[in-house]
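Throughout, read-outs are computed from the coordinates displayed, never taken from laboratory work. What you see is a predicted model, and the numbers here were worked out from it, not measured in a lab. Ideal geometry is used to build each Cβ from the backbone, glycine not excepted, and the neighbour counts take in all protein chains shown.
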């Protein structure tokens, strides 16, 4: 299981972005062919500008719990837990962002 909270990701991201962006090798591979660390890195980068910011403005966030094939499992944090919009609008926002920026076949599910 991958547990990658927004805050932990932000810390690691600061270390990562000092010297690197996702490499061309990662960007040119099929998402399913990446290792779990590369997948989480790519997902985090894709979500950081719009999704994390919008969720934080509402007092929420998300964890990347696992990635299996083209399915990304997330769990909500903060104000998003139990919010009716989290299971519809927010989930679609996350999924559509990943489809647009990474792979059109990505599916996002809420982890139990």
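Observations on the structure shown:
- The single residue among 109, 104 that is farther than 16 Å from residue 44 by Cβ, outside any helix (DSSP H, G or I), free of Cβ contacts under 8 Å to residues at least 40 places away in the same chain and touching a strand residue (DSSP E or B) at 6+ places or on another chain (Cβ under 7 Å) turns out to be 109.
- Taking the criterion of being under 22 Å from residue 105 (Cβ atoms) and assigned to a helix (DSSP H, G or I), the residues of region 50-89 that qualify are 50, 51, 87, 89.
- Total residues in region 61-106 satisfying the condition of being more than 14 Å from the chain's Cα centre (by Cα) and buried (at least 18 other Cβ atoms within 10 Å of the Cβ): the figure is 2.
- Any hit, region 51-59, residues being surrounded by 18 or more Cβ atoms within 10 Å (Cβ to Cβ) and under 24 Å from residue 30 (Cβ atoms): yes
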